[in-house]
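Inspection log for the structure reproduced underneath, given as structure tokens.
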Amino acid sequence: MTALNYTGVSHTVFHLLGVPGLEDQHVWISIPFFISYVTALLGNSLLTFIIVTKHSLQEPMYLFLCMLAGADIVLSTCIVPQALAIFWFHAGEISLDRCITQVFFLSATFIYESGILLVMAFDRYIAICHPLRYTTVLTRTLIGKIGVSLLLRSCCTVFPVMFLLKRLTFCKSNILPNTACKHFVLAHLSCDDIRVNIWYEFLVLMSSLVIDIVLIFISYVLILRAVFYIPSQDARHKTLNTCGSHVCVIILFYVPGIFSVLAQRFGHHISPHIHVLLSNVYILAPPMLNPIIYGIKTKQIRDQVMYVFFTKQK
């Protein structure tokens, strides 16, 4: 894999290094990757099965949670199987088309999850601030339209990235120091001007993730204001508890991602393997921990899980 600098040759095959600088530790690094993936698959599949099959959970909150579980499965599958192939079999070779496709699915799923977290915050706002209108506002039809709209938003937002990458000439190197293809990781191997890529990525962040975070924050400000007007302390505690799992998931989703972006932008002195590991945390952790958080903090789901595993068959 020889790097060719400014020769006019555009690479069509790339080589993913995994975690650069820690190649001799790949087998050990693969253990948390494997555990997180198995946990994410089993946990989110179980969550989806319970919500779909139990009539008592056919409520907007749980239907949105089902969408989140499906997105978590896709998000972890975009990264982990390929990372394990690199760690175990040194199978880091990937074509340009596959690399760009991975960028698309990874970015689109991340934006889709952000949108789901926003509508889940809206769901809690309606349930707490306008409880009498909850079932009339969040109908099955509206939930279906919301799901389709979020999917279209994520795909349409990320789709231009494929063309922005396709137009580039990759003549610097064909070595990708990462476990997966990321937009900027791939773009920085180009000899062309990538300012359009940089500005479009900034536009995507501002028009989707930043707006989602601001609207989620506003939703919870309104929710907290409504909660403080509840006279009963027990009722206030119960109402806040219904939001607890969602708040945990929001923090788990956004904080590692923001920290990773800031580290890449300003942490030039940080070792490359730290950057790679940080960029994997915000993809590995939410799919693994989301079903655990909801299973522990949501009584209805916890009861159904207990029923599935511990009720004796007559």
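Regarding S149, is this residue at pLDDT 95 or above and of a type in the set (G, A, S)? Considered against the rule, which asks whether it is at pLDDT 95 or above and of a type in the set (G, A, S), S149 comes out as yes.
Quick one: is A83 closer than 18 Å to L278 by Cβ, crowded, with 21+ Cβ neighbours inside 10 Å and in contact with a Ser or Thr (Cβ under 7 Å, 6 or more places away or on another chain)? In short, yes.
Per the listing I31, I51, the residue uniquely in contact with a Cys (Cβ under 7 Å, 6 or more places away or on another chain) and either modelled with pLDDT of 95 or more or open to solvent by less than 40 Å² (accessible area, probe 1.4 Å) (or both) is I51. The set of residues in segment 176-186 that are within 11 Å of L17 (Cα to Cα) and touching a Pro at 6+ places or on another chain (Cβ under 9 Å) comprises P177, N178.
Residue-wise test of (1) surrounded by fewer than 12 Cβ atoms within 10 Å (Cβ to Cβ); (2) not aliphatic (A, V, I, L, M).
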residue	(1), (2)
E201	no, yes
V204	no, no
I216	no, no
Q233	yes, yes
T239	no, yes
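Among the conditions (1) among the hydrophobic types (A, V, I, L, M, F, W, C); (2) part of a loop (DSSP other than H, G, I, E, B); (3) open to solvent by 30 Å² or more (accessible area, probe 1.4 Å), V19 misses just one, which is (3).
So that you can scan it fast, the table gives a plain yes or no per residue for (1) open to solvent by 70 Å² or more (accessible area, probe 1.4 Å); (2) within 19 Å of the chain's Cα centre (by Cα); (3) more than 23 Å from L151 (Cβ to Cβ):
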residue: D24; (1), (2), (3): yes, no, yes
residue: V27; (1), (2), (3): yes, no, yes
residue: Y37; (1), (2), (3): no, yes, yes
residue: L41; (1), (2), (3): no, yes, no
residue: E59; (1), (2), (3): yes, no, no
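The set of residues in segment 243-294 being surrounded by 14 or more Cβ atoms within 10 Å (Cβ to Cβ) and in a loop (DSSP other than H, G, I, E, B) consists of G267 alone.
The set of residues in segment 102-138 being among the polar types (S, T, N, Q) and open to solvent by less than 50 Å² (accessible area, probe 1.4 Å) consists of Q102, S107, T109, S114.
Can you tell which of L189, L150, L168, L142 is buried (at least 16 other Cβ atoms within 10 Å of the Cβ) and out of contact with any Phe, Trp or Tyr (no Cβ under 6 Å at 6 or more places or on another chain)? I'd like the intermediate steps shown before the answer.
On the way: L189 fails: out of contact with any Phe, Trp or Tyr (no Cβ under 6 Å at 6 or more places or on another chain); L150 fails: out of contact with any Phe, Trp or Tyr (no Cβ under 6 Å at 6 or more places or on another chain); L142 fails: buried (at least 16 other Cβ atoms within 10 Å of the Cβ).
Selected residue: L168, the only one of L189, L150, L168, L142 that is buried (at least 16 other Cβ atoms within 10 Å of the Cβ) and out of contact with any Phe, Trp or Tyr (no Cβ under 6 Å at 6 or more places or on another chain).
Answer yes or no as to whether T179 is open to solvent by less than 40 Å² (accessible area, probe 1.4 Å) and either part of a loop (DSSP other than H, G, I, E, B) or without any contact (Cβ under 8 Å) to a residue 12 or more places away in the chain (or both). The answer is yes for T179.
The values are calculated or read from the model by the stated rules, or taken from the named source; none is laboratory data. Remember, it's a predicted structure, so these values are computed and weren't measured experimentally. Don't worry about glycine lacking a Cβ; one is built from the backbone with ideal geometry, like all the others, and counts go over all protein chains shown. Quick note on the areas: whole protein, heavy atoms, side chains included, nothing else; ligands and nucleic acids left out. Shrake-Rupley method; radii C 1.70, N 1.55, O 1.52, S 1.80 Å.
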